[in-house]
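J.: Below is the structure I would like to discuss, written out as structure tokens.
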Amino acid sequence: MIAEAFVNGADGVMVIGCHFGDCHYITGNFQGKIKVGLAERVLTYVGLNPKRVAFDQCSSAEGERFVKLVTNFNQGVRELGPLGNGDRLQLPELKEKLPIAKTALAKEKLRWVVGKFTVFASEGNKYGEVFTEHEMWRTLDTIVMDEVATHEILRELRQEPLAVTELAKRLKLPPPQVLRYVLALQRRELVDLDGVKGTSPLYKAA
Amino acid sequence: MAEDIRIGVFVCDCGSNIAGYLDCPDIAEYAKTLSNVVFVKENLYTCSEAGINEIKDAIKEEKLNRVVVASCSPRTHEPLFRESCAEAGLNPYLFEMVNIRDQCSWVHMQERQDGNQKAMDLIRMGVAKAALLQPQEPIQSEMDPKALVIGGGISGMTSALVLANRGYQVFLVEKSKELGGLLRNLHKLAPANVDAQELLAKQAEAVKNHENISLLTSTTIKEIQGYIGHYNVTVSTNGTEDNFGVGVIIIATGAKVFRPEGLYNYDGKGVITQFELEGLFRANKFKAKNVVMIQCVGARDEERKYCSRICCMTAIKNAIAIKEKDPKANVHILYRDIQAYGTENEALFQRSKQLGVRYIKYDQEKPPEVRKDGVKVYHHLLGRELELPQDLVVLSTPLIAGEDNEELSKLLRVTLDENKFFLEAHVKLKPLDFATDGVYLCGNAHYPATIREAVSQALGAASRASIPLAKGMMTVEPIVSILADEDACRGCGLCVALCPYGALEIVKTEKGRKVSVIPVACKGCGVCAATCYQHALSINSYTDQQVEEQIRAFLSGS
């Protein structure tokens, strides 16, 4: 939903929830904070300035705090200017990348990890290993990287068959890394061999 | 979509509450330009009879099939407008409310132009969502007219009796052998000087003899499954398991008295707790001449930040008892602050002073020092240390949360506060309910309470629990999670793990493992829909499509 707002031209998205312990839905604000945090990371990874996404907390009795939070956020976004200014990528490149962030956020891998976040951070995994929030985010960062690249590869290959070297050029990633992603996708039967061009194999989306 | 969408927008002036700060005629004009809008009306008060009739007439005459009211808070007025739609033959869930008062005219009183713009944005978003609304039917579910009361102290007994007297079958589960809880150790009860044991005997007798109460002592709760109306409870009595169903549950598990091991030379003989002092009174073994009471022992400190609230009155009550028995006895109460709330408590506090009980305020930084035959305390006003003679030191210790609270909170999926006491749904609006429907709370399980407060809460919790029991059938808002796309669901169970209300379960169907929503237990929070990577789950009236359409509508104006 947050990515959707950026896809549709929002310059900033702020989510404000209740203070921890005050949530009408018991733990909804914990979930919300993690989900917004993830969205922020994915969007940052595809080139957005993280200042455009914010999560904060405020009670319904804290009118002044609300105004302060919104004013500060608004000011921060205004200083950056419209989308594509002050971001790592500029328009139209950023616009092209945003739907990939949306796809990655909607798919199973990130949703599983983010769903299990609180469990891993409080009760631990099946082996009883409890992770700190920091460790969880670090783990998530690599998953975000993989997911975004994977979905970007799939999008490119849906349009035309490509060789790994060409894909790497488009994704601005080292070819060996892209090859790993492509082979992983091939194992999951999401990518097929299409043919051979010169000495390199061409891949297409299955 | 084959259906021709016909939206009616009603812009409310709310007297001068909205029209005084925004240009309602301009806003109404603007609403006319929005797609699918076929009728717009500005009302002085949309909620008045005239306004309501205009909605009803327009539904009939203009063949409206969606209604948007731009006025105040849905908290107060959405039910009214929905009902009006229903009376005119329109499904009430085809109604959408836009708040242009509390969140617009009231907060932008000095910014008329910006306020107008915001109201238009909000209405545009409301209209965009309204076009996608689908009719919903309220969900009905039957109620098992039985209750489980956990805890056989004064709170548990009181609520069990109320429900039993109303004709409902009650299972009263107590983990120890006897009824009574903490009450069993008390002597007299403030402020009316009631004999604790007489009260206990009377209540316990009534509970034991009541035909509608199944009393289960030496019994613990093993498992609770289900939701309001249909709880399945497994208990263990001395190792023998039993199983029964109930519709509602009251938590009355009480609390424990904190034992001040290692504090102020506590030994249970010369230095005792108020709780133990009550025991001396009951056994008629009290004979001290110089009593020093110390308040806030193990309370309001770093470890337990909260005030146990009842210890001041316990100390005052016991001090009076000592002075009444032996006016020559010396009683000193060393305190940090005194909680003598309410007229009766204040009167007792004053009476204790008249009887000669001495109060000395001590500083947390300079706590009193208990010695062999005296207590050393720094006196603020005198600016020096005093040595008080003592042959008995009584420590006022807080009530602390029971050790079973965490386990029970997990079984019932209800929340605890930072001190492990049970946390009510809302401190003012729902003080005896939990966020989970069908579970109620009273007495010390919630927070330290006097007997009188515990009884009031028990009566209240029982009457809250009576509401669904009396209704028999439950009607629930259909704004809940639904499995919109069964084929997409892979039965992975992530949503089940995350649902804070236990409203989802995995069932075996012909198509394999699928999630199933228990609508009565669902609160519509949306965690499941936001988690489902297959996008199989959705929230009625808050679908991804509807919310995304609102976002697009908002952004299309900028």
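J.: So how much slack lies between B:Ala50 and B:Glu365, counting 0.36 nm per residue of separation and subtracting their Cα-Cα distance, in nm?
T.: So the chain would gain 106.7 nm between B:Ala50 and B:Glu365.
J.: So for B:Cys312, A:Cys58, B:Cys442, fewest C-beta neighbours within 10 Å to most, what's the order?
T.: Details: B:Cys312 23, A:Cys58 18, B:Cys442 36.
By the 10 Å Cβ count, ascending, the order reads A:Cys58, B:Cys312, B:Cys442.
J.: If you don't mind, there's one more thing I want to ask. Roughly what % antiparallel, to the nearest 5, for the DSSP beta bridges in segment B:244-384? Present the calculation step by step, with values, prior to reporting the outcome.
T.: Numbers: 4 of 13 bridges.
Of all bridge pairs located within segment B:244-384, approximately 30 percent are antiparallel.
J.: With respect to the cross-link table entries B:Lys175/B:Lys305; B:Lys420/B:Lys471; A:Lys102/A:Lys197; B:Lys175/B:Lys202; B:Lys175/B:Lys410, which display a Cα-Cα separation exceeding 27 Å?
T.: On the way: B:Lys175/B:Lys305 29 Å; B:Lys420/B:Lys471 33 Å; A:Lys102/A:Lys197 32 Å; B:Lys175/B:Lys202 20 Å; B:Lys175/B:Lys410 18 Å.
From B:Lys175/B:Lys305; B:Lys420/B:Lys471; A:Lys102/A:Lys197; B:Lys175/B:Lys202; B:Lys175/B:Lys410, over 27 Å: B:Lys175/B:Lys305; B:Lys420/B:Lys471; A:Lys102/A:Lys197.
J.: Shifting gears a bit: Using the 2.2 N^0.38 Å rule of thumb for compact globular proteins, work out how segment B:481-540 stacks up: its C-alpha Rg over that value, please. Could you put the intermediate results ahead of the total?
T.: Numbers: Rg = 10.0 Å, N = 60, 2.2 N^0.38 = 10.4 Å.
Scaled against compact globular proteins, the figure is 0.96.
J.: Scaled to the compact-protein estimate 2.2 N^0.38 Å, what is the alpha-carbon radius of gyration of chain A, rounded to two decimal places? Provide the component values of the computation, followed by the final result.
T.: On the way: Rg = 19.6 Å, N = 206, 2.2 N^0.38 = 16.7 Å.
Chain A yields a ratio of 1.17.
J.: Please give the Cα centre distance for segment A:166-206 versus segment B:357-384, rounded to the nearest Å.
T.: 80
J.: Next question, about the same structure. Percent antiparallel among DSSP beta bridges with both residues in the protein assembly as shown, to the nearest 5?
T.: Details: 53 of 107 bridges.
In the protein assembly as shown, approximately 50 percent of DSSP beta bridges are antiparallel ones.
J.: With each pseudo-label sitting 7 Å past Cα toward Cβ, what's the B:Asn284-B:Ser218 distance in nm, one decimal?
T.: Those two pseudo-labels are separated by 3.2 nm.
J.: Next question. Take the alpha-carbon positions of the protein assembly as shown, form their convex hull, and give its projected area averaged over all directions (one quarter of the hull surface) in nm². Please list the in-between numbers first.
T.: Numbers: hull surface 170.5 nm².
Averaged projected hull area, Cα only: 42.6 nm².
J.: Give me the three principal axis extents of segment B:1-74 from the C-alpha atoms, as integers in angstrom, largest value leading.
T.: Reported extents, whole Å, longest axis first: 41, 25, 21.
J.: Considering amide H positions built from the backbone, and no H for Pro or chain starts, which residues 5 or more places from B:Ser214, or on another chain, come under 5 Å of its amide H?
T.: So B:Ser214 has HN proximity to B:Val170, B:Phe171, B:Leu172.
J.: What is the calculated FRET efficiency for B:Gln113 to B:Glu29, with r their C-beta to C-beta distance and R₀ = 22 Å, to the nearest 0.05?
T.: Numbers: r = 15 Å, r/R0 = 0.70.
Plugging the Cβ-Cβ distance into 1/(1 + (r/R0)^6) gives 0.90.
J.: What are the extents of the Cα atoms of chain B along their three principal axes, listed from largest to smallest and rounded to whole Å?
T.: Principal extents (Cα only, largest first): 90, 62, 41 Å.
J.: When a footprinting reagent is the concern and you count Cβ atoms within 10 Å, what order do B:Ile7, A:Ile16, B:Ile400 take, fewest first? Numbers along the way, then the final one.
T.: Values: B:Ile7 26, A:Ile16 16, B:Ile400 22.
Listed from fewest to most nearby Cβ atoms, that is A:Ile16, B:Ile400, B:Ile7.
J.: Compute the separation of the alpha-carbon centres of segment B:205-231 and segment B:452-478 and state it in Å as a whole number.
T.: 16
J.: While we're here: How high is the relative contact order of chain B, in percent, counting Cα pairs under 8 Å that sit 6 or more residues apart?
T.: Working: 1155 pairs, mean separation 74.6, N = 558.
Relative contact order for chain B comes out at 13 percent.
J.: Now for a different question. Would you tally the net charge around B:Gln339, using a Cβ to Cβ cut-off of less than 12 Å, leaving B:Gln339 out, and scoring K and R as +1, D and E as -1?
T.: Numbers: positive: B:Arg300, B:Arg309, B:Arg336; negative: B:Asp337, B:Glu346.
Value of the local net charge: +1.
J.: So for B:Arg300, B:Arg101, fewest C-beta neighbours within 10 Å to most, what's the order? Each step should come with its number before you reach the end.
T.: Numbers: B:Arg300 17, B:Arg101 22.
Fewest-to-most ranking of B:Arg300, B:Arg101: B:Arg300, B:Arg101.
J.: Need one number: % antiparallel among DSSP beta bridges in segment B:117-258, to the nearest 5.
T.: On the way: 17 of 31 bridges.
Antiparallel bridges: around 55 percent, rounded to the nearest 5.
J.: Which whole number in µm²/s is D for segment B:256-399 by Stokes-Einstein, with the Kirkwood Rh taken over Cα pairs at 25 °C and 0.890 mPa s?
T.: Estimated via Stokes-Einstein, D reaches 162 µm²/s.
J.: Moving on. For peptide B:550-557, compute the average count of partner chain beta-carbon atoms within 10 Å of each residue's beta-carbon.
T.: Working: counts 0, 10, 6, 1, 3, 8, 2, 0.
Mean inter-chain Cβ contacts per residue within 10 Å come to 4.
J.: Then there's this: Add -39500 (n - 2.57) for each DSSP H run of 4 or more in chain B, then divide by its residues: what number comes out at 222 nm, to the nearest 500 deg cm²/dmol? Intermediate results must be reported in sequence, preceding the final value.
T.: Working: 14 runs with 169 residues, N = 558.
For chain B, the value works out to -9500 deg cm²/dmol.
J.: Of the listed pairs B:Lys129/B:Lys508; A:Lys97/B:Lys118; B:Lys317/B:Lys361; B:Lys353/B:Lys430; B:Lys222/B:Lys317; B:Lys177/B:Lys353, which have alpha-carbon separations greater than 29 Å here?
T.: Working: B:Lys129/B:Lys508 35 Å; A:Lys97/B:Lys118 31 Å; B:Lys317/B:Lys361 18 Å; B:Lys353/B:Lys430 38 Å; B:Lys222/B:Lys317 39 Å; B:Lys177/B:Lys353 41 Å.
Among B:Lys129/B:Lys508; A:Lys97/B:Lys118; B:Lys317/B:Lys361; B:Lys353/B:Lys430; B:Lys222/B:Lys317; B:Lys177/B:Lys353, the Cα-Cα distance tops 29 Å for B:Lys129/B:Lys508; A:Lys97/B:Lys118; B:Lys353/B:Lys430; B:Lys222/B:Lys317; B:Lys177/B:Lys353.
J.: Treat each spin label as a single point 7 Å out from the Cα along the C-beta direction, and report the B:Arg184 to A:Thr199 distance in nm.
T.: 8.8
J.: Looking at segment B:387-533, what % of the alpha carbon pairs are farther apart than 21 Å?
T.: Numbers: 6233 of 10731 pairs.
Within segment B:387-533, distances greater than 21 Å cover 58 percent of Cα pairs.
J.: Net charge around A:Arg65, counting only other residues with Cβ within less than 14 Å of its Cβ (Lys, Arg = +1; Asp, Glu = -1)? Provide the component values of the computation, followed by the final result.
T.: On the way: positive: A:Lys68; negative: A:Asp22, A:Asp56, A:Glu62, A:Glu64.
Charge balance in the 14 Å sphere: -3.
J.: Sticking with this one: On average, how much area does the Cα convex hull of segment B:62-145 cover when viewed from any direction, in nm²?
T.: Values: hull surface 30.1 nm².
For segment B:62-145, the mean projected area of the Cα convex hull comes to 7.5 nm².
J.: Give, as a single signed number, the net charge of other residues whose beta carbon lies under 12 Å from the beta carbon of B:Ile224, with Lys and Arg counted +1 and Asp and Glu -1.
T.: Numbers: positive: B:Lys222, B:Lys410, B:Arg413; negative: B:Glu223, B:Glu407.
Charge balance in the 12 Å sphere: +1.
J.: Next up: Would you work out the charge dipole size for segment B:260-390 about its Cα centre, treating the Cβ of every Lys and Arg as +1 and the Cβ of every Asp and Glu as -1, and quote it to the nearest 20 debye? Can you show the working numbers first?
T.: Numbers: 23 positive and 18 negative charges, 99 e Å.
Computed charge dipole of segment B:260-390: roughly 480 debye.
J.: Would you tell me the mean number of C-beta atoms belonging to other protein chains that fall within 10 Å of each C-beta in A:24-36, as a whole number? Don't jump to the answer; show the numbers that get you there.
T.: Working: counts 5, 8, 13, 5, 6, 0, 2, 7, 3, 0, 0, 3, 0.
Mean partner-chain Cβ count within 10 Å for A:24-36: 4.
J.: I've got another one for you. Which angle between 0 and 90 degrees, to the nearest 10, do you get for helix B:311-325 versus the longest principal axis of chain B when only C-alpha atoms count?
T.: 30
All of the numbers you see were taken from the coordinates with simple rules; none came from a lab. Please read these numbers as outputs of a predicted model, since none were measured by experiment. Here the Cβ is made from the backbone with ideal geometry for all residues, glycine too, and neighbour counts use every protein chain on show.
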